[in-house]
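Each remark here refers to the structure printed beneath this line.
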Amino acid sequence: MNKSKRPFTKSKRSFRRRLPPIQSGDRIDYRNMSLISRFIIEQGKILSRRVNRVTLKQQRLITIAIKQARILSLLPFLNNQKQFER
């Protein structure tokens, strides 16, 4: 008989750690549109912290920056342009 020494070992899966969406050098500011636009969906909604994978402090700063950009009309409040197909 050819028995293995450890019959109930878990297979070691290698996983790739996701990179954080905000690097240490990035400034969370209302003028940084390339950064802010990553945290908004097409309808103009702000994505949740769980989806963004950011810290609580970063999410607060992102939310404030998005709201400032909306007030200064750099970003739309709503984007309800529905495509009508006929």
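The values are calculated or read from the model by the stated rules, or taken from the named source; none is laboratory data. Fair warning: this is a prediction, and the values are worked out from it, not measured in the lab. Please note: Cβ atoms are built from the backbone with ideal geometry, for glycine as well, and neighbour counts cover all protein chains shown. Remember, those area values only see protein heavy atoms, side chains included, never the ligands or the DNA or RNA. Shrake-Rupley method; radii C 1.70, N 1.55, O 1.52, S 1.80 Å.
Cβ-Cβ contacts under 6 Å between residues 6 or more apart (or on different chains), taken from a first residue in the stretch 15-30 that is over 18 Å from Arg49 (Cα atoms) to a second residue that is open to solvent by 100 Å² or more (accessible area, probe 1.4 Å) and in a loop (DSSP other than H, G, I, E, B), are absent. Just to verify a result, which residue in the stretch 1-45, among those that are open to solvent by 100 Å² or more (accessible area, probe 1.4 Å) and aliphatic (A, V, I, L, M), is modelled with the lowest pLDDT? Result: Met1. Quick check on the stretch 46-58: of everything there that is more than 23 Å from Leu72 (Cβ to Cβ) and among the polar types (S, T, N, Q), which residue is most open to solvent (accessible area, probe 1.4 Å)? Taking the candidates together, the pick is Thr55. Sub-6 Å Cβ pairs linking a first residue in the stretch 35-58 that is within 16 Å of Arg70 (Cβ to Cβ) to a second residue that is open to solvent by less than 90 Å² (accessible area, probe 1.4 Å) and assigned to a loop (DSSP other than H, G, I, E, B), at least 6 apart or interchain, are Leu35/Asp26; Phe39/Leu47; Gln43/Asn79; Gly44/Pro76; Gly44/Asn79, ordered by first then second residue.
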